[in-house]
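What follows is a short report on a single structure.
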Amino acid sequence: MYIETLKKELKERKYRMTPQRELVLKVFMEHDAEHLGADDVYRILFSKKHSVSKATVYRTIDLLVEFGFLRRLEFGEGIYRYELAKKDKLHHHFVCKICGKIYEIKESYLENLKNSLENQGFVFENFDLKIYGICPKCARKSKKNPLRRK
Ligand SMILES: [Zn+2]
Ligand SMILES: [Zn+2]
């Protein structure tokens, strides 16, 4: 479904759907919850023996952001991460400061917020809230570890 939409978008803007563009988008579809960086995408393609250069990966990602297929995220690590910009997938990001994993936090109030804004005439596009803390896994581990007990 994403691939078909991308093909259409590209055609409208007089771009071609190249195998590389399709591959990059597919990586994001297959790793949807992982918030990959450009280097991760390159590594995944490389490990699957696809010959796509790093420069192509970067350029393709920029194009996908520009066309609204990917959302660019920044978690203060000095790199950008990306996720599919699905409109039906409102969520916040919880960043674990111990393992670094990024969790998606879905809250029903987000839908209400969106509806309320739209009722007031605002055009909702996106929001960017990050919550920092310790994930359940790391919290459990740190409790078990006697060295960490206060
Ligand atoms: Zn953690
Ligand atoms: Zn996300």
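The values are calculated or read from the model by the stated rules, or taken from the named source; none is laboratory data. Every value quoted in this text rests on a predicted model; they were computed, and no experiment measured them. Cβ coordinates were reconstructed from backbone atoms using ideal geometry, including for glycine residues, and neighbour counts include every protein chain displayed. Heavy atoms of the whole protein, side chains included, go into the accessibility calculation; ligands, DNA and RNA do not. Shrake-Rupley method; radii C 1.70, N 1.55, O 1.52, S 1.80 Å.
Radius of gyration over Kirkwood radius for the chain, both on Cα atoms: the Rg/Rh ratio is 1.05.
Dividing the helix sum by the residues of the chain, where each DSSP H run of 4 or more adds -39500 (n - 2.57), gives a mean residue ellipticity at 222 nm of -13500 deg cm²/dmol. Once both labels are positioned 7 Å from their Cα atoms along Cα-to-Cβ, the gap between residue 67 and residue 120 label points is 3.5 nm. Rolling a 1.4 angstrom probe over the protein heavy atoms with all chains in place gives the chain an accessible area of 68 Å² per residue. Across the chain, C-alpha contacts under 8 Å between residues 6 or more apart give a mean separation that, scaled by the residue count, equals a relative contact order of 17 percent. State which entries of 49/101; 8/130; 86/137; 26/97; 54/143; 48/114 exceed 31 angstrom in Cα-Cα distance in the structure shown. In this structure, 8/130; 54/143; 48/114 exceed 31 Å between Cα atoms. In summary, the convex hull built on the alpha carbon positions of the range 1-89 has an orientation-averaged projected area of 5.8 nm².
Taken about its Cα centre, the chain carries a charge dipole of about 920 debye when Lys and Arg each add +1 at the Cβ and Asp and Glu each add -1 at the Cβ. Computed from the Kirkwood radius of its Cα pairs, the Stokes-Einstein diffusion coefficient for the range 1-51 at 37 °C and 0.692 mPa s stands at 281 µm²/s. Spin-label pair residue 32-residue 51: with each label point 7 Å from Cα along the Cα-Cβ axis, the two points sit 3.3 nm from one another. Here the accessible area of the range 1-68 is 53 percent carbon and sulfur, with a 1.4 angstrom probe and all protein chains present. Counting only DSSP beta bridges whose two residues both lie in the chain, roughly 75 percent are antiparallel.
How much of the DSSP bridge set in the range 90-150 is antiparallel, in percent, rounded to the nearest 5?
On the way: 4 of 8 bridges.
If we restrict to bridges inside the range 90-150, about 50 percent are antiparallel.
For residue 15 and residue 132, what is the calculated FRET efficiency with R₀ set at 35 Å and r taken between the beta-carbons, to the nearest 0.05?
Efficiency for this residue pair is about 0.40.
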